[in-house]
Structures are given as structure tokens and as C-alpha cells.
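The values are calculated or read from the model by the stated rules, or taken from the named source; none is laboratory data. This one's a predicted model, so the numbers in the text were calculated from it and none came from an experiment. Surface accessibility is based on the protein's heavy atoms, side chains included, excluding ligands, DNA and RNA. Shrake-Rupley method; radii C 1.70, N 1.55, O 1.52, S 1.80 Å.
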Amino acid sequence: MLNKFKIPKIILKKSINNKESVEIIKKYQPDLLISILGNQIFKKQIYDLAPKGCLNLHTALVTKVSRINAYILGVKETKSLLVFLFFM
């Protein structure tokens, strides 16, 4: 799918919040970031790179990840969750 729409896949060798990683992402001038299988908390400097925000595809049981999300969604269990992330 990425190839079909000519969307670059960025694989970072260091933490997403590492200065080097931030500079690599910045070069792409992203409108939107999509995190899949990410296991790191994004800091403000990452959110600031994409004016349209960041989507995170979380593929763990919601009840194990966040009981608040499960409560808000009104579900007892789900195997994946797409979350719009924002920095406050």
C-alpha cells in the first residue's frame, strides 16, 4: 500500500525522540504521522513535525493497555485500536 501511493516508510535506528531521529523525520516534511507497532511515547517535538497530527495503530487488547479507552469506547475487549494522538 505504501508503494502504491508513494508513501515513504521511515525506519529509525534510534529512539523516536532522539535528535537524529527527529531530524530524519523533519526532512520528509510530513503532514501526518502514522505509528504502527510503536512502543515509545512521542514528545512534543514529534507532534510539532506534522500539522495534521499523528495516528497510532495499537494492536494490543484495549483492556490491558488502557481501561479508560475501553470505558470511553464502551467495549469490553478489542484486538486493535486506532487512536488520534495530540499533545496538550
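Considering the stretch 11-28, the residues that are under 17 Å from D48 (Cα atoms) and of a type in the set (V, I, T) include one that is most open to solvent (accessible area, probe 1.4 Å), namely I24. Filtered by the rule that a residue be at pLDDT 90 or above and not basic (K, R), the stretch 1-28 gives S15, I16, N17, N18, E20, S21, V22, E23, I24, I25, Y28. In the stretch 29-56, the qualifying residues are those that are among the hydrophobic types (A, V, I, L, M, F, W, C) and open to solvent by 60 Å² or more (accessible area, probe 1.4 Å), and the one that is modelled with the highest pLDDT is L32.
Within the span defined as the stretch 72-87, every residue fails to be modelled with pLDDT of 70 or more and either open to solvent by less than 100 Å² (accessible area, probe 1.4 Å) or of a type in the set (A, V, I, L, M) (or both).
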